[in-house]
Amino acid sequence: MYVLMSIKPKYVEKILSGEKKYEYRKTLLKKDVESILVYSTSPVKKVVCEIKLLEVVKGTLEYVYSKTNIEGGITLEEFNSYFKNKNVAYAYKLGSIKKLDLTLKEIGVPTAPQSYQYIERIEL
């Protein structure tokens, strides 16, 4: 199973360059997922890559940031702003990347998810 995640282009660039090896989220995925399909939001509006999901680091904000900040691709200020008023953080460790250039329609999704959306296995 895949999860389609909407990610801002500036962070997608950091993922593709290898600078960002963790994707931070406020919620834990409820289903077993092997890969993340990355939807780069406006102005790109494309599914730009498939990334193998290696592990999830979860815990307090301090714990997660201390374990992931070197490869997190964001500043402490960005991290704290994103997790404002939260007690728990989730960091998804990103593995191998396969570049794609697909529209949402090509993967059977009518509109971009606000955060993420599960997708059954499809041929890429």
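Observations, loosely collected:
- Residue count for the stretch 25-60 satisfying the condition of being more than 15 Å from Lys93 (Cβ to Cβ), surrounded by fewer than 17 Cβ atoms within 10 Å (Cβ to Cβ) and of a type in the set (A, V, I, L, M): 1.
- Residue, surrounded by the fewest Cβ atoms within 10 Å (Cβ to Cβ), within the stretch 94-123, restricted to residues that are touching a helix residue (DSSP H, G or I) at 6+ places or on another chain (Cβ under 8 Å) and not charged (D, E, K, R): Ile122
- Of the residues making up the stretch 1-22, those that are outside any helix (DSSP H, G or I) and over 16 Å from Tyr118 (Cα atoms) number 6.
- Among residues of the stretch 23-53 being among the basic types (Lys, Arg) and in a strand (DSSP E or B), the one that is nearest to the chain's Cα centre (by Cα) is Arg25.
- Filter pass, Tyr63 being surrounded by 13 or more Cβ atoms within 10 Å (Cβ to Cβ), farther than 22 Å from Tyr118 by Cβ and out of contact with any Cys (no Cβ under 6 Å at 6 or more places or on another chain): yes
- Only one of the numbered conditions (1) free of Cβ contacts under 8 Å to residues at least 12 places away in the same chain; (2) in contact with a strand residue (DSSP E or B) (Cβ under 8 Å, 6 or more places away or on another chain); (3) of a type in the set (Val, Ile, Thr) is violated by Val57, and that is (1).
- Residues of the stretch 83-99 satisfying the condition of being under 21 Å from Leu53 (Cα atoms) and either more than 15 Å from the chain's Cα centre (by Cα) or not hydrophobic (A, V, I, L, M, F, W, C) (or both): Val88, Tyr90, Tyr92, Lys93, Gly95, Ser96, Lys98, Lys99
- Each residue in the stretch 76-124 was checked for being part of a loop (DSSP other than H, G, I, E, B), closer than 27 Å to Thr60 by Cβ and modelled with pLDDT of 95 or more, and 5 of them qualify.
The values are calculated or read from the model by the stated rules, or taken from the named source; none is laboratory data. Owing to the predicted nature of the structure, the values given are computational and were not obtained by experimental measurement. When we count neighbours, we look across all protein chains shown, and the Cβ atoms used for this are built from the backbone with ideal geometry, even at glycine.
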